[in-house]
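> Take a look at this one; I'll ask things after.
The numbers here are math on the coordinates, done by the rules we state, and not lab data. These numbers were taken from a predicted model, which means no experiment stands behind them. Cβ placement follows ideal geometry from the backbone for every residue including glycine, while neighbour counts extend to all protein chains displayed.
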Amino acid sequence: MSRRRGFTVLEMIIVAVIVLGLLIIVCTFLQRGSHYTRETEAYAYAQREATSFVRRLSDEMSNSVDKWIEYGPGYVIFLSPLPPDGAGRAVIFDPASGDLTWQKWVCYFQSAADRTIRRAEIRLDAATANLTTEPNPIPTLATFQSLPENRREVAARSVEAFSITGAGLASYGFSVSTRATAAIATATDAQKQVEITLNSQVTVLNSGI
């Protein structure tokens, strides 16, 4: 009569160790995959904020006039021929001269307190095609910063730095850095940070006015 042989304690321990090792390997891969996914999401968010802002500033500033652009650390102010308060995207030309009719001042400025770049605009006292003198009102950075909250829209979030420099021949270079935090519980604060910097250049089309 044959006897069935069971597993010994040693064999069961060996099997348990092998299974545990496999589980650890699988969990490690899953954890790394999760970390990578969250880092990618953070990077995509930072990239999206910076790219959207760069595109918007380039489009709007290129239609300005080089003669009255003011810029400094973290801000730029320029004239725009677009209707105030987003009332359309069509520019208006002066019927007599055929020149653009300027409608408003626009300012983009960095707000370090909430890590944003804000966009604000101020309507000119009267739309004008004559730029022999600077159109009134003549706003400063402080003027835009003191506008009510609902007139200072957020143009970009999670901003670490914003700068603009003159590049000559009606061209301007600007740089924006955005930072996002990846939701990784096991990472240090430094390891959670994902930062990107975008550099671009814009040429003002109405430089000869």
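> Between (1) 16.1, 48; (2) 21.9, 82; (3) 28.4, 117, which matches Rg and Dmax of the Cα atoms in Å calculated for the structure shown?
Working out Rg and Dmax of the Cα atoms in Å from the coordinates points to (3).
> Relative contact order for region 100-201: what is it in percent, counting Cα pairs under 8 Å that are at least 6 residues apart?
This gives 21 percent for region 100-201.
> Then there is this: For a quick check, take a GNM of the chain with Cα springs below 10 Å and name the residue from 140, 40, 28 with the largest mean-square fluctuation.
Looking only at 140, 40, 28, the biggest GNM fluctuation is shown by 28.
> What whole-number distance in Å separates the alpha-carbon centres of region 33-109 and region 122-183?
A separation of 8 Å, based on Cα centres.
> Here's something else I'd like to know. Using 0.36 nm per residue, how much length does the chain from residue 199 to residue 52 gain when fully extended, once their Cα-Cα distance is taken away? If you can, show how the numbers build up before the last one.
On the way: separation 147, 0.36 × 147 = 52.92 nm, distance 1.28 nm.
Here the answer is 51.6 nm.
> Once the Cβ-Cβ distance between residue 112 and residue 25 is put in as r, and R0 is 41 Å, what FRET efficiency do you end up with, to the nearest 0.05?
Working: r = 45 Å, r/R0 = 1.11.
My answer for the efficiency is 0.35.
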